[in-house]
Amino acid sequence: MLGVQDPFVLAGKSWSSRLIVGTGKYKDEEETRQALAASGAEIVTVALRRIELKPGQPSLLDALKGYAILPNTAGCYTAEEAVRTARLARELGMTEFVKLEVIGDKRTLFPDAEATLEAARVLVKEGFVVLPYTNDDPVMAKKLEDAGCAAVMPLAAPIGSGLGIRNPYNLRIIMETVKVPVIVDAGVGTASDAAMAMELGCHAVLMNTGIAGAQKPVLMAEAMRLGVEAGRKAFLAGRIGKKLHAAASSPEHGMIE
């Protein structure tokens, strides 16, 4: 399989799947389980501020055994909130990995770039493996890499919008600018969006609403898995160049005359 031959390496650890999925918005726990299984994902992200995190009490985390949990700071609007939330996760025995989100606007849910960078610097110094959600801004991506982040996670479009990749050119520039993995985060609406991200050369894709909000989430989870796999294979294969005019696919010489 491609995943075995072409692992996704994140902070020194290898993964077979390049699809990271969220755990919100499903109708019930059973649908969550089925969709996660169909996605083939190994890493799942959980919003810390939206689940019960009391030691000894049941929570969504009980349904996620067997997956690598990536806690995230969704719902935080200041650097201080995000840092405090990440620290809480560590105190509760969760991973050192954290998906850092600091939202700057409630309507668009665009990230607050300055606050994200501020929080990233604090968390990196405290030993966290920081994966920041950010705008598709090559300058900020470089600053986050320089701050010690293990990856950068530029948005494709606003969270939950399903608009797909609105600016592929910025993503390409980001990949030329940083050496850490580039993970497309937010805005993916269907499998072709996921495939496009991978064809551009992005290292992985993270999504939630694109799957959970579909009419048939489990089937969409499978479609997203296949889209990511197809896009990655196409990137590695190297597509043909685009031409204005036709080029015959059959040879013109060597035929019986």
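The values are calculated or read from the model by the stated rules, or taken from the named source; none is laboratory data. The structure presented is a predicted model; accordingly, all values stated were derived computationally and were not measured. Cβ: placed from backbone, ideal geometry, glycine included. Neighbour counts: every protein chain shown. Ligands, DNA and RNA are excluded from the accessible area calculation, which covers all protein heavy atoms including side chains. Shrake-Rupley method; radii C 1.70, N 1.55, O 1.52, S 1.80 Å.
Would you check which residues across region 149-163 are aliphatic (A, V, I, L, M) and within 14 Å of GLU101 (Cα to Cα) and list them? Give the steps one after another, and end with the answer.
Taking region 149-163 as the starting set, the residues that turn out to be aliphatic (A, V, I, L, M) are 150-153, 155-157, 159, 163.
Those that are aliphatic (A, V, I, L, M) and within 14 Å of GLU101 (Cα to Cα): ALA151, VAL152, MET153, LEU155, ILE159.
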Which one of ALA150, ALA191 is closer than 21 Å to ARG84 by Cβ and small (Gly, Ala, Ser)? ALA150
Residues of region 181-207 satisfying the condition of being open to solvent by 40 Å² or more (accessible area, probe 1.4 Å) and either within 14 Å of the chain's Cα centre (by Cα) or of a type in the set (S, T, N, Q) (or both): THR190, SER192, MET196, HIS203
Enumeration of residues in region 60-83 that are at pLDDT below 90 and touching a strand residue (DSSP E or B) at 6+ places or on another chain (Cβ under 9 Å): LEU60, LEU61, LEU64
Identify, please: which residue in region 10-29 is out of contact with any helix residue (DSSP H, G or I) (no Cβ under 9 Å at 6 or more places or on another chain) and open to solvent by 20 Å² or more (accessible area, probe 1.4 Å) and is, among those, farthest from GLY148 (Cα to Cα)? ASP28
Positions within region 87-109 being open to solvent by 50 Å² or more (accessible area, probe 1.4 Å), part of a loop (DSSP other than H, G, I, E, B) and of a type in the set (Asp, Glu), in sequence order: GLU96, ASP105
Here is a check on your reading of the model: is GLY227 surrounded by 18 or more Cβ atoms within 10 Å (Cβ to Cβ), within 23 Å of LEU109 (Cβ to Cβ) and either out of contact with any Lys or Arg (no Cβ under 7 Å at 6 or more places or on another chain) or of a type in the set (Ser, Thr, Tyr) (or both)? no
List pairs: first residue in region 168-183 and in contact (Cβ under 8 Å) with a residue 60 or more places away in the chain, second residue open to solvent by 40 Å² or more (accessible area, probe 1.4 Å) anywhere in the structure, Cβ distance under 9 angstrom, at least six positions apart or on different chains. PRO181/VAL9; PRO181/ALA11; PRO181/HIS203; ILE183/HIS203
Failed condition for GLU114, given (1) surrounded by fewer than 17 Cβ atoms within 10 Å (Cβ to Cβ); (2) at pLDDT below 95; (3) not in a loop (DSSP other than H, G, I, E, B), with all others met? (2)
If you take the residues of region 125-152 that are open to solvent by 40 Å² or more (accessible area, probe 1.4 Å) and assigned to a helix (DSSP H, G or I), which of them is nearest to ILE183 (Cα to Cα)? LYS142
